[in-house]
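Heads up: the structure comes next, in structure tokens.
Read-outs: derived from the displayed coordinates by stated rules, not from any lab. Predicted model, so just to flag it, every value in this text is computed and none were measured. Positions of Cβ are generated from backbone atoms using ideal geometry, with glycine treated the same way; all protein chains shown enter the neighbour counts.
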Amino acid sequence: MTSADLDRSYVWHPFTQMRDWTDPSHPPIVIVEGRGAVLRAEDGRDYLDGNSSIWTNLHGHRRPEIDQAIRDQLDRIAHSSFLGLTNDVAARLSRELVEITGLSGAKVFFSDDGATAMEAALKMVYQARIQRGEKQRAVFLSLARGYHGDTVGAMSAGHSPIFHAAYKSLLFETREVMSPACYRCPHNRAEPVRGAEARASRQCQWECVGELATALDELGETASAFVLEPRVQGAAGMTMHPPGYLEKAATACRERGVWLVLDEVMTGFGRTGAMFAFQHENVAPDLVALAKGLTGGYLPVAATLASREIYDAFLGDYGELKTFFHGHSYTGNALGCAAALANLKIFETDQTLQKNTALEQALAKHAAKFWDHPHVGDVRQEGLICAIEIVRDFPTRQPFPFAERIGHRVCAAARAHGLLTRPVGDVLVLMPPYCATETQLAQMLDALWLALNEVLPLEGRRQACLPS
């Protein structure tokens, strides 16, 4: 049997309609190798990794420094229990994370992925409130269309109808507040303008902040924490918040004694231009969840950083049962922590954030051509996250019917042009590895443009033409 046959016979894939997957007319791409920004399939074809292997890979595949760090750690030990023991690499990584976040006094709790990092954060908030004598503060607030992972707690903090509807009866109730997503915001009075991202041309009075403040006031002493992805909501459609929203929201929370929980699983480690998205603004979260890029896309390690105020709520005599009774078998995994330390070192040696500025400018330059397509409603960018929203009608922002799967079809067509990426609904997404060259960036965007015109041809122009 081929690898594809084995997969179809035995594997169940995430976020995948398996009836489509097992259709013999659409054989899966079997990845066997990677180097830099390029992935190689079993049939020998090369593809550009346009979404950094689902938003995880930072410095490219087979980065020598991370490879060597893992080899060196293997010569020592791969894993040992973190319950009642520790290891040298996890301790060093904890210090590094506290220092680079600037969250002085924070404590680091390790887990496996973004969902488990968020699950830990939610449980920390809930238990800390009880142990501080604040049982009434039990209500979480979170943004509309939010997504924080697929464990029960993480789903409860999210409001994604597609991902969460089937599990609604399992979830605890949270207070949903409007997302500051300017493109479809009902309070944005600006008409869409070609070439102008909705955040830049918006006309509003920060009603999104006002609605948050109203919700906080209505909840009063029952409000516990506000949960959000800062600057960019990924699975919501790469919706991007206007600069200033996070700081205003944080101020509203702080004034009312409500904790701020930030999900930096996708936005962390340089993806938005700063090391962490919250560092664009004058904000210090009470809890922050990190994952995806933490190991440079190599191994599943996540971390939840908690403020000293929250950590102190768990201190007490053994018999008081104030311990955080939560953990994972691979907590503090030495191999993963070694990879993470090497990943963070590259940011220093390569001056990654400074170098990425030129890459961000190149991404903006090559993405600008998408404004020429009549079915592109918005082209938005935050750092090295580019989102191209496809609509049926530009003036009204009317979307295509979900069942038409326009975004999926465009990304499927892009494979023939050497690009692998995955849409979020009808939002085309590019999140290149930081090692990508400007030439590779141009190739990624050209492939996406060609694919878009194959699915939604431009009238009066050759289907495969590029704008002059």
Margin query: Given the options G293, L216, Y245, identify the residue whose Cα lies farthest towards the positive end of the charge dipole of segment 67-349 (+1 on Cβ of Lys, Arg; -1 on Cβ of Asp, Glu).
Written below: Y245
Checklist line | Total lysine pairs under 17 Å (Cα atoms) in the chain, excluding pairs fewer than 8 apart on one chain | finding: 8
Notebook entry, point to check: Just for the chain, what percent of DSSP beta bridges are antiparallel, to the closest 5?
Noted result: 65 percent
Item checked: Taking the chain and dividing mean pair separation by its residue count, relative contact order in percent (alpha carbons under 8 Å, at least six apart) -> 20 percent
Notebook entry, point to check: Given the Cα-Cα distance of A442 and L171 and 0.36 nm per residue of separation, how much length would full extension add, in nm?
Noted result: 93.2 nm
Note to self: For R92, R231, R137, which order do you get if you count the other beta carbons within 10 Å of each Cβ and list the fewest first?
What the structure shows: R92, R137, R231
Item checked: Segment D393-R40, extension gain: residue separation times 0.36 nm, minus the distance between their alpha carbons -> 123.3 nm
Check: By how many nm would the segment from H26 to A412 lengthen if fully extended, with 0.36 nm per residue of separation less the alpha-carbon distance?
Finding: 137.9 nm
Next item on the list: Kindly state, to the nearest 0.05, the FRET efficiency for D312 paired with A4, given R0 = 60 Å and r defined as their beta-carbon distance.
Entry: 0.65
Check: Residue-wise, which Karplus ³J(HN,Hα) couplings in Hz belong to segment 149-165, taking 6.51 cos²θ - 1.76 cosθ + 1.60, θ = phi - 60°, and x for glycine or proline?
Finding: x, 10, 6, 4, x, 5, 5, 4, 7, x, 9, 9, x, 5, 7, 10, 4
Checklist line | Computed FRET value (nearest 0.05) for K123 with Q361, which takes r as the C-beta separation and R₀ as 35 Å | finding: 0.25
Next item on the list: Please give the calculated 222 nm ellipticity per residue for the chain, where each DSSP H segment of at least 4 residues contributes -39500 (n - 2.57) and the sum is spread over every residue; nearest 500 deg cm²/dmol?
Entry: -10000 deg cm²/dmol
Next item on the list: For each of D150, D113, D372, count neighbouring Cβ atoms within 10 Å of the residue's Cβ, then give the residues from fewest to most.
Entry: D372, D150, D113
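Just check segment 138-285 against the gyration tensor rule for me: Cα atoms, a ≥ b ≥ c as the square roots of the eigenvalues, rounded for a/c under 1.5, and otherwise prolate or oblate depending on whether a/b exceeds b/c.
Rounded.
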Check: Excluding the sites themselves, what is the longest stretch of the chain that contains no chymotrypsin sites (Phe, Trp or Tyr not before Pro) in a DSSP loop with at most 14 other C-beta atoms within 10 Å?
Finding: 16-171
